[in-house]
Structures are given as C-alpha cells and as structure tokens.
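Quick note: the coordinates plus some simple rules give every number you see, no bench work behind them. As the structure is a prediction and not an experimental result, all values here were calculated from the model. Glycine also receives a Cβ, built like all others from the backbone with ideal geometry; neighbour counts cover every protein chain displayed.
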Amino acid sequence: MSFASKTVPTRPFDGQKPGTSGLRKAVPVFQQTHYTENFVQCTLSAGLGDKIVGSTLVVGGDGRFYGTETTSLIIKICAANGVGKLLIGQNGIFSTPAVSCVIRKYQTNGGIILTASHNPGGPNGDFGIKFNTANGGPAPEGVTSAIYEGTKTISEYKICPDLEVDFSKLGTQSFTVDGRQFVVDVLDSVTDYVDYMKEIFDFEAIRELLGGGDGQSGFQILLDAMHGVTGPYVKRILCTELGAPESSAVNCTPLPDFGGHHPDPNLTYAASLVEELKKGKHSFGAAFDGDGDRNMILGKNAFFVTPSDSLAVIANNLECIPYFKKSPAKGFARSMPTAGAVDRVAKQKGLQCYEVPTGWKFFGNLMDAGRLSICGEESFGTGSDHIREKDGIWAVLAWLSVLADKKQGVEDILMEHWKKYGRNFFTRYDYENCESAPANQMMKNLEDLIADPAVIGGTHCHGDKTYKVTKADNFEYTDPIDKSVTKKQGIRIIFEDDSRIIFRLSGTGSSGATIRMYVEGYESNPSKYALDAQVVLKPLVEIALQVSQLRELTGRQEPTVIT
Ligand code: G1P
Ligand code: ZN
C-alpha cells in the first residue's frame, strides 16, 4: 500500500527537557496538541541525524496508559522521516532490557522506549519517551541535549497521517511511503530476550533448583511483576522454561495503570510481596518495576538483600554463570551513592571498581570500552555487559544461579559474604514530592557547608558515637573513556571510618522535588552482621538530618520510603 507524508507546522513548547531517563511528564502533558509529535520529531532528528533515511529502530514500552497512541504516532512520524524499518514489540510491549537486547541483536540504529519506569501510570499518571542509541543504552548527554535544543526551535514535523499499522499482529508488513519502502516487523515481546537468557545462564541448573518442572523441590519462589511489563517475561522464563509453578508468579498481567499502584520494587511499594515472604513458605522472592529494569531480592522470611549487597554477591560468584566463564569479568562498577560492598570484592579479585554518577548511561561507556562486566545501583538496578540497561530478570536468574550452585539459602549466602568482606550497612531515605524551593535551599546550604574548609576535621556526635569528617564534596566524575566531566552529582560527607552521608535531588521524579538521603556505615565486627541496618545506622541518620536541617526546611518529619 502507498502513502504520502505531509509536513505539519508546529511551535515549541516549554519543558521538553529529557532527564537522565528520557522525557517524563504526566500523561495530560503528552496529550496536548503536537507535544508528543514535537518530541518524537526532535528525537529522530537529533538521535539519528543524517542516518535517518533507511535506518532501523526498535519501538516498545511497558504497556502503560498512552503507550498505544504514542506507538501509532511514532510509526507515522518515522515513516514520514524516511526510517526504513521498525521492530515493534507485539502490542507495543517490550521491557527496557528487551529493547536493549533487540537493538544489539539486530544491530539497529537505536530504539524508542515508552515508559516512565517505576513511576505510576494511568490517565493522570506518568508517561515517558526515551531514546536509546545503537549500543542499546540510554542516549548520552550530547544526544539528549540536542533533542532538547530541537524542541526549543521546532517549527514543523513530518507525519504520514493515513498510515495505520496493526501492531497486535506478529510478522512483517511492508508499505510504500513517498515512494520509499517502509517495513514494520512486529516481534514477539519475549522470544529474543529469552533466547539470550538461555545463552547466558545454565537453565538446566536453575530448573533443577526449582523442582525440575513439578514444583516439588521445596524451594519455592514468588515473583511479583507489580502489573508491569515483566509479567510475560516472568511467566515464559520462570514458569514455562524453568518449571516454576504458575502460583510462583503474581501480578503478571501488565495493566495500563499498574492496578493503581506505584510499580517500584522496594520495601514500601512491594509490601504485599514482603508480607507473603514473611510467612516463611518461599525461599526466594523478587519484584520488578514498571519497565522491568529494576529488581528487589528477598530471602526466606522476607530477608532483605540491599541492592548494594546483591551486586556484591553476584560479583563474588560469577563462576556460577556460564556467560562469565566464557568472558571473565573485566571490572566492576557502582553508582556513587551505592554502598561500597562491591569495591571489596573487586579488590579481592584484583579488578578495577569504578564509581560513577547516578544513571545507567555512565556504565555503558565503560562496557563499550571493554572495562566493565558487572555493575549496579542502590536504587534496585543490577546488570552486566550482556546489554546496556539494568535488567531485573537477569538479576533474578543470576541469583537463582548462585543459589543453585551453592545450595544455601539467601541469608546464609549473605552471612558468608559478610564474614569474608565485612558488612557495608546502607539505607536510603526518600522524601518524595517536596516543595522545590525548600529542597533547593537545603542543597544550597549543603553546598555552602562543604565549601567551608573548616568542615574537614569537624566532629559530629549522636549518642555514644562520634564521627570525624575527612572529606566533603559535590561528587564529580571524569569519564575515563571520553574524558567528559559530570559535575555536582551529590553532596558527600565522608567520615574517618569510611561512613558516608550523601544528599541528592532526584532527576527522575515527575512532581515536586524528591530528596534522597543516603547513609552508609562499614562494620567488620561479626557480632554486628545480623543487626538491623536502621538500628546500626541510626546515629548517622540523625547526624545527616541535623547537618542538612532537612526536617526544619521541608517540614517533613518522616521519609516517604526507606530502603
Ligand atoms: C533514580 C535512581 C537512579 C536510577 C534512575 C533510573 O534516579 O536513583 O539510580 O539510575 O532512577 O532508574 P533519581 O530519581 O535518583 O535521579
Ligand atoms: Zn525502570
């Protein structure tokens, strides 16, 4: 069938600035006339440049409200701009890790992901458009700023208004647009990803752990997809392929509003999983966020594995994963606020450990340069160089591989790990949806505080604990590969015993300001390993609150979420 494109006059809108994970706003913003069209046009122009004509892109999202409408628009705008081929997940569904996997497998020019990650969905919830480049990872700063610049001056976009493509139907559909061929390939959302996981992990070993298909092993698991995109992946991989009973997978139907919940796998928003695990029936539990890149790991009786420890345990046990037998670990990395547990593993193994700013794209450069194999963030992100996004299902398969190999429970594995390396206690306090002015004021005050040389050597006391400041700065990162410098990534106050308190404002929240306060303390006394992080870190938490005057400035007495 033949179609003609047309050029539509438009005008720039305010606020189309993409953040660290693409452009995120509330759905009604995207629904404004031409808002989505503008951003998609600028994404193609800046993201692909002179490669647009004849290019191939992957398109998919987490199934949230407004995804279908946006997918249709993307098809029409891509066709009119001369894109040659789109690989679209059936019904517009792809998890974020699956998009990264498909971009790399088919060596496309990039991809567009429709998600607002862990933020709520629905008609009044959040939506987002994210561009990933040909390496499968989030677009680097240069590209996102070029997109933003485009949105400030855009005066027209191209669209092929009559081109309607049924992307619920698997297979290839070909069209002629302005005399050029335009192909839409609708792919099964799960198949390429599953095939890849089978190459990375020993599915037989995990299948045996899970009871060889009859679910009778006594090792019961519970996976909560939180009505996000991971549902179909969990069902196919864990149930169909690995033999876990259907009852092991809950909330696995992706819903446009995530059932009204906040699809963020942490102790607050995944509380129902925590409650189930507390009953002691399951030996392992996990939850995923809306787009499937985050994960939370729990052991029997809801034993919580901090993401910082999860990363360290996986890094310490890579021999359980065939992928790393074939290509041994090159290096490890964590985001700056993530606790330093993995640093200790790296040291023991004689590997480099990088500390990068928050946001996955910083890992991608190191991976592309062959310097990094395993990395993670305290914000429930874990992954490796198999793709260029964090990967929730991968993390669960990594954990199941370790459990299958070591034949120990989750808690025992952690205890053994701490006995070897000591324990990096960690907690994060999130104050969501604060007013922006006081939050900015707090950060400003902290800036002023660290600028004063007298802060170094100063002591802070709480109860019988005294901490002496040895370093205070606003974290700055020089990328070892491209030498780019990223400044002001978080205020750090570091004490003599390596304990740290860190403050950042979130770059991904969609309303008001979200303050994140990170607290870390290292302990090498085995009698303390089993203690609750909240108890151990209480003095540092109090010091952090007092130094920042957070309660006084924001009026918030308690955080929204404690991790
Ligand atoms: C948050 C996390 C960060 C993660 C990002 C995207 O960003 O803290 O680690 O990379 O989401 O998932 P923030 O809201 O803190 O800027
Ligand atoms: Zn996410």
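A compact table of results
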read-out	value
Computed over region 503-560, the ratio Rg/Rh where both radii use C-alpha atoms and Rh is Kirkwood	1.06
Charge sum, other residues only, whose C-beta stays under 10 Å from R64's C-beta, Lys/Arg counted +1 and Asp/Glu -1	-4
Segments 236-246, 190-200 sorted - mean Cβ within 10 Å per residue, highest first	236-246, 190-200
Cross-link partners of K279 among lysines (Cα-Cα below 18 Å; sequence separation of 8 or more within a chain)	K300
FRET efficiency, Q534 to A4 (Cβ-Cβ, R0 45 Å, nearest 0.05)	0.10
Antiparallel bridge percentage (DSSP; both residues within region 30-148; nearest 5)	40 percent
nm² value of the averaged projected area, convex hull over the Cα atoms of region 325-461	11.9 nm²
Long-range amide H partners of I93 with built H, under 5 Å	G61
Debye log10 I(q)/I(0) at q = 0.11, 0.16, 0.22 Å⁻¹ for region 239-370, Cα point scatterers	-0.51, -1.02, -1.34
Percent breakdown of C-alpha pair distances by 5 Å bin, ordered from the shortest bin, for region 314-374	4, 20, 29, 26, 17, 4, 0
When region 103-151 is reduced to its Cα atoms, the Kirkwood hydrodynamic radius in Å	12.1 Å
Antiparallel bridge percentage (DSSP; both residues within the chain; nearest 5)	70 percent
Approximate spin-label separation K325-I481, in nm, with each point projected 7 Å along Cα-to-Cβ	2.8 nm
Between region 492-563 and region 429-450, the alpha-carbon center distance in angstrom	14 Å
Separation between Cα centres of region 315-359 and region 72-134, rounded to whole Å	29 Å
Ordering of 524-530, 167-173, 250-256, 285-291 by burial proxy (mean other Cβ atoms within 10 Å per residue, highest first)	285-291, 250-256, 167-173, 524-530
Net charge of Cβ neighbours under 11 Å - reference R556; Lys, Arg +1; Asp, Glu -1	-4
Computed over region 448-563, Cα set: Rg, Dmax in Å	15.7, 46
Over the chain: helical MRE at 222 nm, DSSP H runs n ≥ 4 each giving -39500 (n - 2.57), nearest 500	-9500 deg cm²/dmol
Backbone N under 17 Å from the N440 label point (7 Å along Cα→Cβ), restricted to region 509-551	509-516
Reach of K349 by Cα under 21 Å, taken over lysines that are not fewer than 8 positions away in the same chain	K325, K326, K330, K406, K419, K420
P(r) weight above 48 Å for the chain, C-alpha pairs, percent	10 percent
